[in-house]
1. Express the Stokes-Einstein translational diffusion coefficient of the protein assembly as shown in µm² s⁻¹, to the nearest whole number, given a Kirkwood radius over alpha-carbon pairs, 10 °C and a viscosity of 1.306 mPa s.
2. In the stretch A:91-247, what % of DSSP beta bridges are antiparallel (nearest 5)?
3. For label points placed 7 Å from Cα toward Cβ, what is the shortest-first list of nm distances from B:Q403 to its copies?
4. Measuring label to label, 7 Å along Cα→Cβ, what does B:D237 give against each other copy in nm, shortest first?
5. Using a label point 7 Å beyond Cα on the Cα-Cβ vector, give me the inter-copy distances for A:S127 in nanometres, one decimal, shortest first.
6. Rounded if a/c is under 1.5, else prolate if a/b is larger than b/c, else oblate: which is the stretch A:276-396, with a ≥ b ≥ c the root eigenvalues of its Cα gyration tensor?
7. If you add up the charges near A:V89, with Lys and Arg at +1 and Asp and Glu at -1, over every other residue whose beta carbon is less than 15 angstrom from its beta carbon, what do you get?
8. How high is the relative contact order of chain A, in percent, counting Cα pairs under 8 Å that sit 6 or more residues apart?
2 protein chains.
Amino acid sequence: MFRVLFTSLVVMCVSVAYAQDDTTVKTIFDEALRNGKSYEMLEHLTKKVGPRLSGSPGAAAAVEWSRHVMEDFGFDSVWLQPVMVPHWVRGQQEMARIINSKKMGTVSVNVCALGGSVGTGPGGLVSQIVEVKSFDELKQLGVKGVKGKWVFFNRPMDPTKINTFAAYSGAVDQRGSGASEAAKYGAIGAIVRSMGLNSEEYPHTGGVRYAPNIPQLPAVAISTRHADLLSKLLKDDKDLQLYVETHCETLPDAPSYNVIGELRGSEYNDEIIVVSGHLDSWDLAEGAHDDGAGCVQSIEVLRLFKLMGYKPKRTIRAVMYMNEENGLRGGLKYAEMALKNKEKHIAAIESDRGGFTPRGFSMAADDAVKQKVQSWQSLFKPFDVWDFTQEGGGADIGPLANQGVPLFGFVPDSQRYFDYHHTPEDTFDKVNKRELELGSGAMAALVYLMDKYGLK
Amino acid sequence: MFRVLFTSLVVMCVSVAYAQDDTTVKTIFDEALRNGKSYEMLEHLTKKVGPRLSGSPGAAAAVEWSRHVMEDFGFDSVWLQPVMVPHWVRGQQEMARIINSKKMGTVSVNVCALGGSVGTGPGGLVSQIVEVKSFDELKQLGVKGVKGKWVFFNRPMDPTKINTFAAYSGAVDQRGSGASEAAKYGAIGAIVRSMGLNSEEYPHTGGVRYAPNIPQLPAVAISTRHADLLSKLLKDDKDLQLYVETHCETLPDAPSYNVIGELRGSEYNDEIIVVSGHLDSWDLAEGAHDDGAGCVQSIEVLRLFKLMGYKPKRTIRAVMYMNEENGLRGGLKYAEMALKNKEKHIAAIESDRGGFTPRGFSMAADDAVKQKVQSWQSLFKPFDVWDFTQEGGGADIGPLANQGVPLFGFVPDSQRYFDYHHTPEDTFDKVNKRELELGSGAMAALVYLMDKYGLK
């Protein structure tokens, strides 16, 4: 009986506490929707700063801009965390031509060098093409079928996956590892079908990862439309040749920074909650959804707390990582310094799936933590944020996992993301104000609850 | 024991049945995502047909286009259902100027006549302005405060409503009834803050409804940006004058049509399931989200069934209603003819909230029907369609309620809808292919389940 009574009391207390939380969570969303600054910040980052690949002048400008913004909002501390980053440059625009096809003669096709790729040099490379859909198929062909040729990786993203990130995961091995796999059999380079779900004119860039001790081949993405064209022409004309010229190169590592802003905790200031995005973008993109959105949402969480006069018990950090796109050096450096400085992170959240209508949060944490967060689910329901079932955190916060930090990924609607991802189409006008600000609200609400109740 | 066994058997059978449904529902979504034609159809309707207000040449073209499309897809029957519709024309573009304001002198502001409004005539109207936020406030002012003036209805939509349709409902009385309310106190006309959530340059049109036996006043929408400007200037300058000139007029009713395509049921062909949208749009808009999306999705449901070789047991009708925007004559005519012809409709679904990512379906039906539909919820979950809690159907299918027909409204994500609604911004490029096709999939899945299991 005592236990029943006690349990009832606990349930009642929890309900009462959550009843107040209802009000606070609503206030957070209301402020985000009425007085949010995420959209205004994003406009500046995309339109005044623009592309900001690691090591570029744009990246340096983005660092300064975000430092100033957080200082102007009056956060308790704002600082730069030095990190050396890869410095890859595209050089002059790529050229590619299908040569002397039977049906169409010589045709220009749209390609772009993959980030981190070596260039072909000024003379370009011309050769026959062998099309494959998988590394298994490549292996079957072996040296005999591949040597001296371009390998054309043409497995599309699966359009029937409702979670478009799952479709991306199912195809992106071709971009990341295609060049090194092709090199094993003596290919001269890799042509990779763009990671996009539509028939598009523009190629999608993205990182290539060369395996150690294997020759590094030039690797380019080809637009989905031209991938389909090339595949079609190859069917009738196996001896078709492709000319590709790229001028990209990797320069010595360059100095850069993670940018960090902090509200210090009033009770447990040694317990840190990170809310984050990555500041770098690809050179071809304004980086509106990837990941300007995540950066401004992270700053906005702290700004909303100040606006509401909410004094966190724990220390809340907005972290803008550098170099997610082609090295993850910022994420690695942050984790390294956290370990070195014996910092205690109780949670790290990343927003890096676009600034779309929020749906929920993914988690990489133990079951007790997951259950605690899931117990807050009803507080999010009025805002149509309902999905707390997915597994995972985020790339930049990933290195904190080794220190046992529970990781959380902001999960928005993902249907439009891969129309823009890593392309010149990832621009400010593709972001909707309400959708972006609702995401900031959802993130702030989660941080508020973590701050108030902890995760133990 | 027998009952337990029997219940278990029933549960097993249901599970087995639903297990097959899992597969069919997935096939429906897969086909929509792989081979969907909704987007292609919408491109034609918006870009080749364009604006299509009732009685306009565009509306006539839309009727012919949709008839041809459904005939070309080989539906069992396609026909036109005659209906007389209001024929309102905007005439030459509206002009409006704030005159001799203390701070800014004379300033042009962006207005558009509300649909159905009388015009000011070529000379325009000039007068002082009284700003109100509600009909109560207007009543307080009375004849003394209002006579001979413009009434400026300036209550904004509430940005904190997560369901933007709720925000719309909370403000749209000003547009619909403002002119007649103002007329009661001797106003010369109504200026209505646009139904939009952002600060925008362009006004949103929409229908005005004149009350009987009250003078009909000219009514215009003013852009939200200029509503804010006008309100600000009025604060310092109560005697400010506004000049408005509109040339709209209502011509005699014109002949038009609902367009209907049908797949005849193989078992219960007298039981009809309607899936629908409205073909007319405002004259200022391409009508991509409102409601080209609903039309092409409705056609697509039948096309997907044919593509899959699915022979419905019941009769499935795609109905494109005419005149939702300024009269609802199509919806009324359809219900009238259904009654006259003693047709048995078991369900009517409408898609008229935009072609965005699907979230669920609203229902206006008795509890047994609601529970039956909710029992299918798990079949929709893999496609992130989860909300079967909202009340309501759709405007055009509304008149069928008198005949006891259960009504269903397609519910997509609504965050962006009112950025475009009734404006020149409601264009094809604002629609995302996957989002649109997913909606078609969700609607087809619902119709499939209704067809297979009925609603009793």
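1. Calculated translational D: 53 µm²/s.
2. In the stretch A:91-247, approximately 55 percent of DSSP beta bridges are antiparallel ones.
3. Its label point is 6.8 nm from the equivalent points in the other copies.
4. Taking the point 7 Å beyond Cα along Cα→Cβ, the inter-copy spacings are 6.9 nm.
5. 8.1
6. rounded
7. Result for the local shell: -4.
8. Computed over chain A, the figure is 21 percent.
None of the figures in this text is laboratory data; all of them are computed from the coordinates on show. Treat the numbers as computed from the prediction; the structure is a model and nothing was measured. Neighbour counts are summed over all protein chains in view; Cβ atoms, including those assigned to glycine, are modelled from backbone coordinates with ideal geometry.
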